[in-house]
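Accompanying notes for the structure given below.
The values are calculated or read from the model by the stated rules, or taken from the named source; none is laboratory data. Predicted, not measured: the structure shown is a model, and the values here were computed from it. Backbone-built Cβ (ideal geometry, glycine too); neighbour counts: all protein chains shown. These accessible areas exclude ligands, DNA and RNA; they are computed on the full protein's heavy atoms, side chains included. Shrake-Rupley method; radii C 1.70, N 1.55, O 1.52, S 1.80 Å.
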Amino acid sequence: MSRLVVVSNRVADLTDPVQSGGLAVALRDALESRGGLWFGWDGNTVPSGTRIPPKITKISGVTTVTLPMTQRDYREYYVGFSNSVLWPMLHYRLDLVKFKSGYLKGYKRVNSKFADALVPFLKPDDIIWVHDFHLFPLGAELRKRGCRQRIGFFLHIPFCPPEILAAAPENEWLVRTLFAYDLVGFQTITDLENFRRYVEVHGGGSTDDVGVTSAFGARTSIACFPIGIDTEAFQAMASSPEGQARVRQFRKRILPRQLIIGVDRLDYTKGLPDRLRAFARLLELYPENRKTVTFMQIAAPTREDVVAYGDIRAELEQLSGAINGRFGDFDWTPLRYIHRHVPRDTLAVLFGQSQVGFVSPLRDGMNLVAKEYVAAQDSRNPGVLVLSKFAGAAEALKEAVIVNPYDVDEMAESLQKALRMPLKQRQQRQKALMATIRKHDVHEWQQNFLNALAKAPIATEPGSHETGRMGDPALLPDGL
Ligand code: GDG
């Protein structure tokens, strides 16, 4: 079997079980099961002009190759083009796009640096799997350097409609770079359709019925690969005796009869302010929930150098203070808002102990929390998942209580419905949801993507496949 080379913006610390990114959790699993190499940023910044060679580490069959980023690259590529242009844009939030000169140049520069640093580690028969919006042009950069391996790309976040993407600087260039990959994977049919429409409108493109799309005078394959979780492992974590004991202790202290839980990175795409408002509305409309229901929202810190994240944080702090001030009492805190990372096993147990999992993103590629919540339930007395129709996960998790995350009243009604749902109905829904996440788990996701990549017709990108020096075993760094 060919060696798997995963490339993502950030390489997770494989020794740290407290990972908060969905991507990190899924990829660690893919690499551990096949063996391979994971290449990307180590999370550190160094002064501009500093040159530090890549660091090579081996952990349980996985080699990680990481490099730091200069402060300028961090500002222009990471905070700038990736997180202040592409992230809001692809989540349909043109209003939050902040474009400054230097951002696009920085994005191109870092993709080119990544390619330079990666090429010496590649072997001719590697399968290369590039992840996410930070690295759209990496495939094209690798091709320029003579890489002829199969290269696939998976977009973890939504692909917005062409009408929105058209507002991005050099959007045609950006989409055209995807044609250097042999396979481009999306989370949902909606994303795939948006891409297909974009290449039709802007690239004079067309897609045949096996998913080969031709545009801009080039060709690639496109398909949907909805990401899953390691369902069995998460289920086991939720029922671990240590975790259960920790949460029993905790329940004694806060004593809610019913718990609603939300867990997210603190991101404006996750719909947190209206989620909090929906909880307040629940207490207003159905006062019987006062003193008996607590809403715990865990919002892990993320991307704190991006201005929009500071704004959303301030809004949530203000809102949670207002809700507790208005409804709280000596013996009851309605909202527990926790702005920090919580260990993964504690999350799993908390999910299992909650009557409602409240997942209301305004737009989300998939949303793994929704699937984790389902995995953590006890089938004899399961909680209810309340899920935004704009999460990619809603395409498959049809037995959840589906809500419009922009409609606060509707969400409040749905919370009430979930809190009062009869046992039989909860069990039926849980059974169906569990069957879906068992069948379509992270193992299936990896296998489907990698099988499709192995079979995809070779992409054609003008001038992309000329021979190069890379892949010569004599040039590989020691030990690889
Ligand atoms: C991107 C896409 C897509 C959260 N807080 C803590 C914590 N988490 C974990 C969750 C879950 C993961 O982080 C979040 O995954 P999501 O899928 O919900 O969201 P993103 O981070 O935005 O991920 C998304 C995903 O990529 C995969 O393709 O589904 O749409 O946006 O696993 O449990 N984990 C710990 N402490 C926390 O405080 N340990």
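Which whole-Hz ³J(HN,Hα) couplings does segment 329-336 yield from phi under the Karplus relation 6.51 cos²θ - 1.76 cosθ + 1.60, θ = phi - 60°, glycine and proline marked x?
Result, rounded to whole Hz: 9, 3, 10, 7, 9, x, 10, 10.
Normalising by the residue count of segment 323-410, find the relative contact order in percent from Cα pairs under 8 Å and 6+ residues apart.
Numbers: 114 pairs, mean separation 21.8, N = 88.
It rounds to 25 percent for segment 323-410.
Whole-Hz Karplus ³J(HN,Hα) for segment 98-115, in order, using 6.51 cos²θ - 1.76 cosθ + 1.60 and θ = phi - 60°, x for Gly and Pro?
Values per residue, Gly and Pro as x: 10, 10, 10, 5, x, 5, 5, 4, x, 4, 5, 4, 5, 4, 5, 5, 4, 4 Hz.
Determine the per residue accessible area of the chain with all protein chains present and a 1.4 angstrom probe, expressed in square angstrom. Before the final figure, lay out each step's value.
Working: 19590 Å² over 480 residues.
Ligands and nucleic acids excluded, the result is 41 Å² per residue.
With a cut-off of 8 Å between alpha carbons and a minimum separation of six or more residues, what is the relative contact order of the chain in percent? Numbers along the way, then the final one.
Numbers: 953 pairs, mean separation 82.7, N = 480.
Relative CO of the chain lands at 17 percent.
Non-local amide H neighbours of Gln297 (under 5 Å, H modeled in plane, Pro and chain starts lacking H): which ones?
Gly262, Arg336, Tyr337, Ile338
Report the net charge of residues surrounding Glu141, where surrounding means a beta-carbon distance below 10 angstrom and charges are Lys +1, Arg +1, Asp -1, Glu -1. List each step's numbers first, then the result.
Details: positive: Lys108, Lys113, Arg143, Lys144, Arg145; negative: Asp116.
Its environment carries a net charge of +4.
Suppose only helical runs count, i.e. DSSP H with n ≥ 4. What mean residue ellipticity at 222 nm does that imply for the chain under -39500 (n - 2.57) per run, divided by all residues and rounded to the nearest 500 deg cm²/dmol?
Values: 16 runs with 184 residues, N = 480.
Rounded to the nearest 500, it is -12000 deg cm²/dmol.
For Thr45, list long-range residues whose amide hydrogen, built 1.01 Å from N in the peptide plane, is under 5 Å from its own amide hydrogen.
The answer is Met69.
Relative to the longest principal axis of the chain, what angle (0 to 90°, nearest 10) does the C-alpha long axis of helix 408-419 take?
Rounded to the nearest ten degrees, it is 70.
Within the accessible area of segment 287-340, what % is carbon and sulfur when the probe is 1.4 Å and the other protein chains stay in place? Each step should come with its number before you reach the end.
On the way: 1320 of 2690 Å².
Solvent-exposed carbon and sulfur of segment 287-340 make up 49 percent of the total.
What aspartates and glutamates could a cross-link reach from Lys291, if we take a straight Cα to Cα line under 16 Å and drop same-chain neighbours fewer than 8 places away?
Straight-distance partners of Lys291: Asp329, Asp331.
In terms of Cα to Cα distance under 16 Å, which aspartates and glutamates are near enough to Lys389, apart from those fewer than 8 places away along the same chain?
Once the sequence-local aspartates and glutamates are set aside, what remains near Lys389 is Asp191, Asp274, Asp364, Glu399, Asp407, Asp409, Glu410, Glu413.
With the dipole of the chain worked out from charges on the C-beta (+1 for Lys and Arg, -1 for Asp and Glu) around the Cα centre, which of Met1, Val408, Val384 lies farthest toward the positive end?
Towards the positive end, the residue furthest out is Val384.
Leaving out ligands, DNA and RNA, what percent of the accessible area of segment 38-143 is carbon and sulfur, probe 1.4 Å?
Taking all protein chains in place, segment 38-143 shows 55 percent carbon and sulfur surface.
Tabulate in residue order the Karplus-calculated ³J(HN,Hα) for segment 179-194, using 6.51 cos²θ - 1.76 cosθ + 1.60 with θ = phi - 60°, rounded to whole Hz; enter x for Gly and Pro.
Result, rounded to whole Hz: 6, 7, 8, 7, 8, 10, x, 10, 6, 9, 5, 4, 5, 4, 5, 4.
Exceeding 27 Å between C-alpha atoms, which entries from my cross-link table qualify? They are Lys55/Lys123; Lys270/Lys398; Lys270/Lys371; Lys113/Lys371; Lys55/Lys144. Let's see the in-between values first.
Details: Lys55/Lys123 18 Å; Lys270/Lys398 19 Å; Lys270/Lys371 15 Å; Lys113/Lys371 36 Å; Lys55/Lys144 24 Å.
Flagged as over cut-off: Lys113/Lys371.
Viscosity 0.692 mPa s, temperature 37 °C: Stokes-Einstein D of segment 90-206 from its Kirkwood Cα radius, in µm² per second? Walk me through the intermediate numbers first.
On the way: Rh = 15.0 Å.
Result for D is 219 µm²/s.
Given the C-alpha atoms of the chain, compute the convex hull and give its volume per residue in Å³. List each step's numbers first, then the result.
On the way: hull volume 68.3 nm³, N = 480.
Convex hull of Cα atoms, per residue: 142 Å³.
With unit charges on the beta carbons (Lys and Arg positive, Asp and Glu negative) and the dipole taken about the Cα centre of the chain, which residue among Phe295, Gly185, Ser33 sits farthest to the positive side?
Result: Phe295, furthest along the dipole toward the positive end.
So if I take the centroid of the Cα atoms in segment 266-330 and the same for segment 404-440, what is the distance between those two points in Å?
21
Computed over the Cα atoms of segment 147-271, what is the ratio Rg over Rh, Rh following Kirkwood? Display every interim value, and only then the final one.
Values: Rg = 21.5 Å, Rh = 18.0 Å.
Using only Cα positions, Rg/Rh for segment 147-271 is 1.19.
Which far-off residues, 5 or more places away or on another chain, put their amide H under 5 Å from the one on Ala218, with H placed in the peptide plane?
none
Nothing charged except the Cβ atoms of Lys and Arg (+1) and of Asp and Glu (-1): what's the magnitude of the dipole of segment 325-396 about its Cα centre? Round to the nearest 20 debye.
Values: 8 positive and 7 negative charges, 33 e Å.
Dipole size: approximately 160 debye.
To test your reading of the geometry: what angle, between 0 and 90 degrees and rounded to tens, separates the Cα axis of helix 423-439 from the longest principal axis of the chain?
10
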